[in-house]
1. Hey, could you grab the Kirkwood Rh for the range 88-247? Inverse mean 1/r over distinct alpha carbon pairs, Å, one decimal.
2. If you look for lysine pairs in the range 144-266 that are eight or more places apart or on different chains, how many of them have Cα atoms under 22 Å apart?
3. With an 8 Å cut-off on Cα pairs and a minimum separation of 6 or more residues, tell me the relative contact order of the chain in percent.
4. Pick out, in residue order, every one of the trypsin sites (Lys or Arg not before Pro) in the range 184-272 that is DSSP loop and has at most 11 other C-beta atoms within 10 Å; say none if there are none.
5. Starting from the Cα of residue 78, step 7 Å toward the Cβ, then list every residue of the range 84-105 with an amide N under 19 Å from that point.
6. For the chain, what is the Kirkwood hydrodynamic radius in Å, using each pair of distinct C-alpha atoms?
7. To make sure I understand, if each residue's beta carbon is the centre and we count other beta carbons within 10 Å, what order do 135, 240, 71, 245 fall in, fewest to most?
8. Once a ≥ b ≥ c are taken as the square roots of the eigenvalues of the Cα gyration tensor of the range 124-189, is the result rounded (a/c under 1.5), prolate (a/b larger than b/c) or oblate (a/b not larger than b/c)?
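Read the figures in this text as sums done on the coordinates, not as results from a lab. Note that the coordinates shown come from a computational prediction; the quantities given were computed from them, not determined experimentally. Note that we place each Cβ from the backbone using ideal geometry, even for glycine, and neighbour counts take in every protein chain shown.
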Amino acid sequence: MKRHEIRVCILRVGGTNCDMETKYAFEDLGVQADILHVNHVVKHRSLMEYNALVLPGGFSYGDYVRAGAIWAKWMLAKMGRELMSFVDEGRPVLGICNGFQVLVEAGLLPAFDGIAPYPEAVLAPNNPPGFHCRWVYIRHENNGKCIFTAKIPKGQVLRIPVAHAEGRFLFPKETETRCLKRLIENDQLVFRYCTKEGVEAGGKYPYNPNGSLYDIAGICSPEGTVLGLMPHPERAFYWWQLPDWTRQSFMPQYGDGKLLFESIINHLEKKF
């Protein structure tokens, strides 16, 4: 498939944000990207018209109950069968921040044995509590399964911002050790919070901004075609989005977030 033929669907509902930044990132790299309200997709469109799906950040439906829970249940009820077909065909699905929360609530991540009928993990309130908006460092941990990081060498450190109040990734306490081991052995661990030098955060704030288990910042499905991460790559795409651009004598044209978008597009160019 040629790059200009690739079509990306960016879903939105009440409370989502950064959908426009995500659209700009894809279009800057030469692909088509549409921002569509979920009601419009249900009534007039089909997810299968698109090659990739993005659930952006924000506070969908006010994040009542739990972050992402209402949107997840709504999607499963209104477009569950189509969403399952989309995933089964290996079409990329990216969940950013609130989108990650939705994927976990919908059972699409970690999906150890396929899409789960109930959440297998949780993105709990931050520890320390509160909404944390800051630039963090994350280290790429994947061995090659995740299609979203094909252009990122293992061990590379990226600088990308977070902005959330519920980003603490946890497994149930009684299965925590077993699930974490399985996540690592399945090569589903994608990003971990770290220091600027790439040293693991060890759960220490502010390097780990939310208290996530094992400093987890992002995971993928067993097939590597569904990715959820708390940091916002679309907010680290252009040089002028970086926090220190006015203090630098030289800045690259793009930030680290571009690497994820490039990886998705390169995968689609080869696959379809």
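1. On the way: mean 1/r = 0.0641 Å⁻¹.
For the range 88-247, the Kirkwood estimate is 15.6 Å.
2. 13
3. Working: 614 pairs, mean separation 53.3, N = 272.
Here the relative contact order equals 20 percent.
4. Details: sites: 192, 196, 204, 235, 247, 258, 270, 271; in loops: 196, 204.
Passing both the DSSP loop test and the Cβ count: 196.
5. Correct set: 84-87, 94-96, 98-105.
6. Numbers: mean 1/r = 0.0545 Å⁻¹.
One over the average 1/r among Cα pairs gives 18.4 Å for the chain.
7. Values: 135 16, 240 10, 71 26, 245 13.
Result, fewest neighbours first: 240, 245, 135, 71.
8. On the way: a/c = 2.95, a/b = 1.11, b/c = 2.66.
Here the range 124-189 falls in the oblate category.
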